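Participant: Could you have a look at this structure, given as structure tokens, before my questions?
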Amino acid sequence: MALAKLQLITIAVLGFVSTSTMADDGGSKIQHLVDPQTSIESWVLHDEGVEVELIQISPDQARGFFLARGFDRKNADFYAASCVLALRVRNKSPETISYDLVNWRYTAADGVKRRLKLKDKWLREWQQRGVSKSAQIAFEWSQHPSTQTLEPNDWNQGMTTYQVAHGSVLDLTVEWSKGDKRYVDTIKEVRCAD
Amino acid sequence: MWIQLKKFAVQINALRRILITFAIVSGLLLNAKVSWAANEEVFSPVSGNPVAPKLKLHDMDGKPVDLEKLKGKVVIVNFWATWCPPCRAEMPSLQRLWEKLGASKIQIVAVNVGEDADTVLGFMGTLDESPTFPIVFDKDSATLRAWPVRGLPTTFLIDKKGHIAYRAIGGRHFDSPENIRFITEQSEGSSMGK
């Protein structure tokens with residue numbers, strides 16, 4: 001009886017410590033993590049020394065961030081209506097990598113492949129909507145760069161947006177190059193925060 | 001009864017072995033992560049060593065800081081903002097680097113992007129030790145745009161001749177022993193630069 005209790009406690013502790021699941025897709029691995037304190041979910045793709053991580057940002061977090069940086073409520077709401085994910089790309093390989101978000105695609109439940117709405121397009125909208133210059137600067141540098149080149153040990157993070165409903169699921173196909181080789185992977189069942 | 005107790009003791013021992021194994025494996029994984037961090041190279045060489053773009057901005061006291069006038073010294077130029085989590089995280093390590101090497105060996109200039117002195121002072125108040133190297137303000141991000149920066153934080157090592165010699169994208173531990181040794185070598189090297 002005591003042993004059964006101890007076993008249960010052990011399993012519970014191990015479950016608490018190990019909050020990630022791993023999927024192996026050929027040469028790449030995708031890890032799904034859930035923060036035990038905040039319940040924020042993230043997905044990390046590991047492929048040939050490159051890590052691509054997507055972290056949920058809730059509509060409240062996105063709204064609050066931009067309200068604190070000079071956006072008015074209407075425009076902060078407009079941004080937060082998108083599905084927002086922080087994107088972190090880390091180069092742990094010994095070679096230079098580069099990527100261009102223009103080539104990345106996501107697919108939602110309707111099966112349609114879509115391009116990401118990149119920061120240049122957002123900035124044009126903010127200009128039209130009369131967002132202040134200082135707020136636009138904060139916006140511009142908080143978004144993931146559209147193109148980036150990372151040397152070994154470099155990493156970059158920033159927000160990315162997806163035009164799907166909060167709480168819905170998408171598959172993101174990512175692409176980068178290392179030397180002459182092009183890598184394409186899909187991070188499946190990424191859930192937008194709600 | 002005695003047999004049951006004996007069985008129970010055997011099971012407890014087996015469980016203990018599992019837990020000890022788990023603890024050792026976890027410790028190894030954590031240590032592996034720590035040793036990776038300790039061995040990371042902070043900077044990557046910049047091909048062609050281009051001349052550093054102009055950087056002439058004012059610090060919190062309104063005092064001008066001009067990169068041109070720092071020729072003859074190795075200068076670390078760090079572009080950052082208070083809303084950028086890795087920028088916040090690496091700031092104490094820049095201060096520790098500054099304390100360890102001192103103004104006789106290097107100069108550090110942290111360029112805040114798009115914010116004002118009150119915002120930066122608010123952030124400084126959250127640190128155990130406020131930076132004592134110059135923090136300058138690039139409110140309209142005009143200086144940042146002239147530099148090869150796509151995301152924050154980005155840090156450059158400028159050689160004694162005023163050329164961009166090395167770059168780091170993403171947060172770093174600037175006061176790692178490897179980096180202190182590396183920067184010391186740069187500062188003690190030929191006055192012709194790196």
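Participant: With the full set of protein chains in place, find how many percent of the accessible area of segment A:52-194 is carbon and sulfur; take the probe as 1.4 Å.
Facilitator: Exposed carbon and sulfur together represent 46 percent of the surface.
Participant: Same structure again: Give the lysines whose C-alpha is closer than 17 Å to that of B:Lys139, dropping any in the same chain fewer than 8 places away, or say none.
Facilitator: A:Lys133, B:Lys54, B:Lys56, B:Lys63
Participant: Any idea what the relative contact order of chain A is, in percent, if you count C-alpha pairs under 8 Å spaced at least 6 apart?
Facilitator: Averaging sequence separation for qualifying contacts and normalising by length gives 22 percent for chain A.
Participant: By how many nm would the segment from B:Lys161 to B:Asn49 lengthen if fully extended, with 0.36 nm per residue of separation less the alpha-carbon distance?
Facilitator: Stretched out fully, the B:Lys161 to B:Asn49 stretch lengthens by 39.3 nm.
Participant: Find how many whole Å separate the alpha carbon centroid of segment B:137-173 from the alpha carbon centroid of segment A:136-194.
Facilitator: 22 Å
Participant: Counting only protein heavy atoms, what percent of the accessible surface of segment B:96-163 is carbon or sulfur at a 1.4 Å probe?
Facilitator: 48 percent
Participant: Any chance you could run the full-extension gain for A:Gln127 through A:Gln163? It's 0.36 nm times the residue separation minus the Cα-Cα distance, nm to one decimal.
Facilitator: Extending this stretch completely gives an extra 10.9 nm.
Participant: Over the whole of A:147-153, what's the average partner chain Cβ count within 10 Å per residue? Rounded to a whole number, please.
Facilitator: 5
Participant: Quote the FRET efficiency, to the nearest 0.05, computed for B:Met60 versus A:Lys74 with a Förster distance R0 of 51 Å and r equal to the Cβ-Cβ distance.
Facilitator: My answer for the efficiency is 0.90.
Participant: To continue, here is another question. How would segment B:39-109 be classified by its alpha-carbon gyration tensor: rounded, prolate or oblate, with rounded meaning a/c under 1.5 and the a/b versus b/c comparison settling the rest?
Facilitator: rounded
Participant: Given a 1.4 Å probe and no ligands, DNA or RNA in the count, how much accessible surface is buried by B and A, both sides, to the nearest 100 Å²?
Facilitator: Buried: approximately 2500 Å² between A and B.
Participant: Could you give the angle, 0 to 90 degrees to the nearest 10, between helix A:2-17's Cα long axis and the longest principal axis of the Cα atoms of chain A?
Facilitator: 20 degrees
Participant: If you don't mind, another one. What is the mean number of Cβ atoms from other protein chains located within 10 Å of the Cβ atom of each residue in peptide A:136-142, rounded to a whole number?
Facilitator: Averaged over the peptide's residues, the number is 6.
Participant: Please work out how much length the chain gains when fully extended from A:Asp110 to A:Lys29, using 0.36 nm per residue of separation minus the C-alpha to C-alpha distance, in nm with one decimal.
Facilitator: 26.6 nm
Participant: Enumerate the whole-percent occupancy of each 5 Å bin, from 0 to the last occupied one, for all C-alpha pair distances of chain A.
Facilitator: P(r) for chain A, in whole percents per bin: 1, 7, 14, 18, 17, 15, 11, 7, 4, 2, 2, 1, 0, 0.
The values are calculated or read from the model by the stated rules, or taken from the named source; none is laboratory data. Nothing here was measured: the structure is a model prediction, and the numbers come from that model. Note that each Cβ is placed from the backbone with ideal geometry, even for glycine, and that neighbours are counted across all protein chains shown. Protein only, heavy atoms only, side chains kept; ligands, DNA and RNA dropped before computing areas. Shrake-Rupley method; radii C 1.70, N 1.55, O 1.52, S 1.80 Å.
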